[in-house]
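Reviewing the structure listed below.
The values are calculated or read from the model by the stated rules, or taken from the named source; none is laboratory data. Here the structure is a predicted model, which is why all the values come from computation and not from measurement. Ideal geometry is used to build each Cβ from the backbone, glycine not excepted, and the neighbour counts take in all protein chains shown. These accessible areas exclude ligands, DNA and RNA; they are computed on the full protein's heavy atoms, side chains included. Shrake-Rupley method; radii C 1.70, N 1.55, O 1.52, S 1.80 Å.
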Amino acid sequence: MKKIVILLLSTILAFSMLAFSMLVFSACGLTGGGGFRTVNLDIDLNNKPNLNIMFPNTGLSNDVFNDQNNITVRTARELTGYTVNYMQLAATPAALQLHFTNQTNMNAIKVTKAQFDSLVADGALVDLTAGIEKFGPTMRTVISDASWDAVTYEGRIFGIPEIVSNDNVDRTLFFNMVHLRAAGIQTLPTTREELRHALQALYTHHGGAQNHSYRALTFGRFDSFIDPIAASFGLGNQWRDVNGELKFFFEQPEMRDYLEFMHSLRSTTGLIDESFLTQSAADAMSKFINGNASVIVAGWANAVSFLNAPHTNASNVNDRFAALPGLRAEGADGDFVNFQNSGVSFVTVVPWWAANEGGFVIDWIDQKLGEDNFRLLTIGEQGVHHQFINNEYWPILPAFDELNHADNYMMGSNELFYSDFWFARLRKSGNFPDGGYLFNFWASMQPRTTHITSNNPIIGKRNPMRSAPTITEYATVRDRIEIDVEDAIRAIIFSGNVNAAYATALNRWRADGGTAATAAINRWYTNR
Amino acid sequence: MLVKIKKKSTFYKVKKYRKILPFLLPAMILAFVFSYIPMLGLIVAFKDRLNLTAFTPFEAFANANWTLDNFTRLFGSTEFLQAVRNTLVISFLKIVILFPLPIFFAILITEVKNKFSNKTVQAILYLPHFLSWPIVIGIFMNVFDPSSGAVNNILIRMGLMNYQQPTFWFADRGWFHFMMLLTAGYKDIGWSCIIYIAAIMAIDTEMFEAARIDGANKFQQVRYITIPSIVSTIALLLIIRIGFLMDAGFEQIFAMINPEVRSVAEIIGTYVYRLSFDSVRPDFTFATAVGLFNGIIALILILFGNWTAKRIGGKGIW
């Protein structure tokens with residue numbers, strides 16, 4: 001009898017749980033997406049709804065973006081007639097997935113190109129082709145064909161592309177020049193061996209074995225692949241054309257040389273801060289600023305943080321720190337090489353459940369991209385926030401600082417003017433005609449192809465995949481296999497055993513989808 | 001002559017305790033909503049990838065094919081087997097080394113008769129419990145930093161460490177378990193003492209007086225009165241702890257893990273997290289298969305723990 005009662009109760013419990021879960025699923029909405037919906041073209045643009053827009057995590061508090069009186073938010077509202085609520089994604093990589101699963105109340109999301117590729121491959125986005133045709137006349141003209149190609153999948157457009165602000169060389173080694181000169185070296189190293197010598201000299205000068213707190217070179221845990229050093233070995237910026245075929249950097253034969261060189265630095269006491277395995281970029285920065293390291297891997301924008309370094313005594317700030325423009329390529333004795341950003345960095349997309357309001361999103365973005373509106377939204381009003389001198393835009397401080405978060409509110413970009421406007425930001429630490437500290441830093445790193453800079457003997461290597469369309473075989477595995485590669489590089493540099501560990505990591509990369517992705521990418525590359 | 005005592009029926013017990021049974025309701029509802037309903041989700045372990053970006057959860061579930069691939073992959077995966085091994089090793093070490101320490105400290109603390117010293121020591125021991133794991137690990141990483149950390153600098157100056165090969169405590173597979181135990185001990189020993197201190201305080205003081213009159217010294221009092229009096233508390237906590245054997249401390253390991261120590265540090269919890277949330281394309285179905293397997297082992301362990309406790313002490317949790 002007792003057993004029958006228990007059995008009965010268990011059955012009732014199981015059924016009620018099933019019924020409850022069905023209810024939960026129903027509440028989530030039974031009408032799903034998939035299959036690429038299209039934008040509803042039958043809308044009245046005079047009857048504008050409020051829009052909810054999401055963008056990538058900035059590291060800032062959400063309160064910053066809740067402010068409807070922010071100058072960019074207010075100006076956009078006045079110019080376009082749309083009231084827009086902004087939200088930032090959580091920093092967790094899976095946050096985007098969770099918003100899609102929960103169908104968060106939003107009309108559009110700005111995502112990275114890699115996230116875009118993954119979403120398109122899943123069929124989670126709205127086909128914007130007809131919507132852009134009808135509601136986006138300006139964007140068709142101010143965004144280049146190459147950028148549109150990057151967001152086209154099976155002949156249809158699934159997003160509004162935003163390019164990098166400028167074709168920058170972004171990351172390099174920054175030197176504390178006061179330390180370097182004190183160590184007896186007057187100029188920046190130009191080759192890998194000179195770099196090794198400089199690091200050794202710095203370590204010796206700082207007390208060598210007597211100073212246990214000092215390491216010559218420091219960097220954060222995500223910076224083990226150091227751009228100028230890797231480029232000097234001939235490694236590609238992510239992908240490289242080798243005899244007409246694209247190869248991923250980790251699969252290129254020079255990778256082993258890079259790992260061996262880096263491990264040899266690591267295994268010589270004092271040259272590399274061993275904490276690179278675990279520390280954040282901010283930890284590394286504080287060591288550099290405090291003088292516990294003299295060389296750091298960083299992006300040009302970090303140069304602002306160096307100003308806080310208290311210990312340096314050079315009166316001219318430009319004499320304190322210098323950016324290594326690049327290192328000489330293997331066998332060459334002329335140009336320096338480094339990696340250069342280019343192509344589409346962000347894409348604004350409409351999720352499948354927001355197809356009805358997709359037309360409004362396109363209309364809103366389209367209005368923001370016209371030259372005058374785009375200028376107002378990025379660098380503010382002439383005479384108030386910026387001035388136009390000798391065909392250049394110069395900031396007026398402190399009013400210009402009101403626009404500090406303007407790039408977060410940007411969806412799509414006017415490619416004809418973006419670079420010109422962007423230079424106003426770089427010139428913030430100077431006055432006409434000298435761009436100042438930050439600008440000089442930036443300029444010293446840039447290749448001669450960048451139209452504003454001098455004749456720096458630098459070759460910036462671009463990623464040939466920079467404007468590639470979505471390639472399903474790559475999009476679906478990219479995140480996982482690239483995280484594994486990053487982990488492997490860190491671990492190999494730290495503990496050595498290069499041959500065996502590299503072979504294992506490479507085999508794993510291949511087996512986990514690297515080989516299939518490379519084949520698919522090359523099918524596109526040959527037929528493009 | 002033996003008299004057979006009839007076991008009271010469940011119905012009789014329900015009737016007898018009917019007035020206090022409603023107090024169980026909140027706990028039962030919580031358990032139902034947060035522990036039983038989610039079990040339905042385990043079914044996705046038998047599905048291939050759920051496309052949760054383009055479909056509602058129900059549709060994604062309906063569209064995905066039934067498969068046992070996740071389990072085939074599970075048992076063929078060296079990463080998973082490594083995670084199971086690490087989970088068991090870390091849990092075992094924590095039980096063997098960290099479980100007895102709070103008992104030891106509780107006995108020491110209760111022997112301190114000066115109220116001020118007693119309370120001060122307790123407060124200092126409890127305090128780290130209120131720091132979050134990332135903060136605790138952050139503090140230890142700074143103190144144990146290979147170049148700028150105080151520990152290495154002291155050891156090098158004392159001649160106990162070669163400056164050319166400073167130990168990187170958090171990135172050395174050989175030291176990982178030590179650091180794991182050290183940080184876990186620092187954070188939680190004080191807190192775990194509380195129950196034992198309470199149990200010791202509840203012991204009848206007359207027993208100690210009697211022992212003293214009989215000439216028992218402190219050590220003998222602890223051995224023959226304190227420990228036997230709290231042994232049931234120890235057994236109960238041990239069984240509960242064994243039930244959590246498959247949970248080796250996610251937050252702690254998550255804060256400590258790095259590629260160099262992953263082979264000895266990755267536990268099932270961090271592995272599932274990595275598959276589910278540390279990726280823009282989460283592998284929920286495989287992660288669920290891992291979780292299901294983990295749950296089954298945990299269930300077996302707790303049943304075994306309870307059975308053992310009954311065999312040894314005559315008492316279990318149920």
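Taking the range B:254-275 as the range and being assigned to a helix (DSSP H, G or I), open to solvent by less than 10 Å² (accessible area, probe 1.4 Å) and not aliphatic (A, V, I, L, M) as the test, the residues that pass are B:Thr270, B:Tyr271.
Of all the residues in the range A:80-98, those that are open to solvent by less than 40 Å² (accessible area, probe 1.4 Å), of a type outside the set (Val, Ile, Thr) and touching a residue at least 40 places away in the same chain (Cβ under 8 Å) number 3. Taken over the range B:143-180, the criterion of being surrounded by fewer than 15 Cβ atoms within 10 Å (Cβ to Cβ) and either part of a helix (DSSP H, G or I) or away from every other protein chain (no Cβ under 13 Å) (or both) is satisfied by B:Val143, B:Ala150, B:Ile154, B:Arg157, B:Arg173, B:Gly174, B:Phe178.
The numbered conditions (1) surrounded by fewer than 21 Cβ atoms within 10 Å (Cβ to Cβ); (2) within 14 Å of chain A (Cβ to nearest Cβ); (3) among the hydrophobic types (A, V, I, L, M, F, W, C) are all true for B:Ile240 except (2).
Restricting the first member to the range B:27-42 and to residues that are within 9 Å of chain A (Cβ to nearest Cβ) and closer than 19 Å to B:Phe61 by Cβ, and the second to residues that are surrounded by 14 or more Cβ atoms within 10 Å (Cβ to Cβ) and of a type outside the set (A, V, I, L, M, F, W, C), the beta-carbon pairs closer than 8 Å and six or more apart or on different chains are B:Ile37/A:Ser21; B:Leu40/A:Ser21; B:Gly41/B:Thr288.
With respect to A:Gln88, determine if the residue is at pLDDT 90 or above, within 14 Å of chain B (Cβ to nearest Cβ), within 25 Å of A:Ala124 (Cα to Cα) and in contact with a Ser or Thr (Cβ under 8 Å, 6 or more places away or on another chain). Answer is no for this residue. Of everything listed in (1) over 27 Å from the mean Cα position of the chain (by Cα); (2) in contact (Cβ under 8 Å) with a residue 12 or more places away in the chain, the single unmet condition for B:Cys193 is (1).
Considering A:Arg427, A:Arg490, A:Arg448, A:Arg462, the condition of being more than 14 Å from every other protein chain (Cβ to nearest Cβ), open to solvent by less than 30 Å² (accessible area, probe 1.4 Å) and of a type in the set (D, E, K, R) is satisfied by A:Arg427 alone. Would you mind stating whether B:Ile109 is assigned to a helix (DSSP H, G or I), open to solvent by less than 20 Å² (accessible area, probe 1.4 Å), touching a residue at least 12 places away in the same chain (Cβ under 8 Å) and β-branched (Val, Ile, Thr)? So B:Ile109 fits the description; yes.
Got a number for residues in the range B:208-253 being among the acidic types (Asp, Glu) and part of a helix (DSSP H, G or I)? Number of matching residues: 2. Going through (1) out of contact with any Ser or Thr (no Cβ under 7 Å at 6 or more places or on another chain); (2) free of Cβ contacts under 8 Å to residues at least 60 places away in the same chain; (3) away from every other protein chain (no Cβ under 14 Å); (4) not charged (D, E, K, R) one by one, B:Leu275 falls short only on (3).
Here the range B:58-87 is the region considered, the condition is being open to solvent by less than 20 Å² (accessible area, probe 1.4 Å) and farther than 18 Å from B:Gly291 by Cα, and the residue that is farthest from the other protein chains (Cβ to nearest Cβ) is B:Ala64.
Scanning the range B:93-106 for residues that are part of a helix (DSSP H, G or I) and either buried (at least 17 other Cβ atoms within 10 Å of the Cβ) or in contact with a Leu (Cβ under 8 Å, 6 or more places away or on another chain) (or both) returns B:Leu93, B:Lys94, B:Ile95, B:Ile97, B:Leu98, B:Pro102, B:Ile103, B:Phe105, B:Ala106. Only one entry of A:Ala284, A:Ala231, A:Ala298, A:Ala293 meets the criterion of being farther than 19 Å from A:Glu486 by Cα and either touching a residue at least 60 places away in the same chain (Cβ under 8 Å) or more than 14 Å from chain B (Cβ to nearest Cβ) (or both), and that entry is A:Ala293. Inspect all residues belonging to the range B:38-47 and state whether any of them is in contact with a strand residue (DSSP E or B) (Cβ under 9 Å, 6 or more places away or on another chain), in a loop (DSSP other than H, G, I, E, B) and surrounded by 11 or more Cβ atoms within 10 Å (Cβ to Cβ). Checked against the condition, which is being in contact with a strand residue (DSSP E or B) (Cβ under 9 Å, 6 or more places away or on another chain), in a loop (DSSP other than H, G, I, E, B) and surrounded by 11 or more Cβ atoms within 10 Å (Cβ to Cβ), the range B:38-47 yields no hits at all. Exactly one residue out of A:Arg181, A:Arg196 is more than 19 Å from A:Phe494 (Cα to Cα), open to solvent by 30 Å² or more (accessible area, probe 1.4 Å) and either part of a helix (DSSP H, G or I) or touching a residue at least 12 places away in the same chain (Cβ under 8 Å) (or both), and it is A:Arg181.
Please work out if B:Phe250 is open to solvent by 40 Å² or more (accessible area, probe 1.4 Å) and either among the small types (Gly, Ala, Ser) or under 21 Å from the mean Cα position of the chain (by Cα) (or both). Yes: the conditions hold for B:Phe250.
For the range A:235-290: of the residues being part of a strand (DSSP E or B) and touching a strand residue (DSSP E or B) at 6+ places or on another chain (Cβ under 9 Å), which is surrounded by the most Cβ atoms within 10 Å (Cβ to Cβ)? Applying the filter and picking the extreme gives A:Ile272. The residue list A:Thr141, A:Thr187 contains one member that is assigned to a loop (DSSP other than H, G, I, E, B) and either in contact with a Cys (Cβ under 7 Å, 6 or more places away or on another chain) or surrounded by fewer than 19 Cβ atoms within 10 Å (Cβ to Cβ) (or both), which is A:Thr187. Taken residue by residue, the range A:161-171 has no member that is crowded, with 23+ Cβ neighbours inside 10 Å, of a type outside the set (D, E, K, R) and in a helix (DSSP H, G or I).
Summed over the range A:393-424, residues that are open to solvent by 10 Å² or more (accessible area, probe 1.4 Å) and under 24 Å from A:Asp366 (Cβ atoms) total 12.
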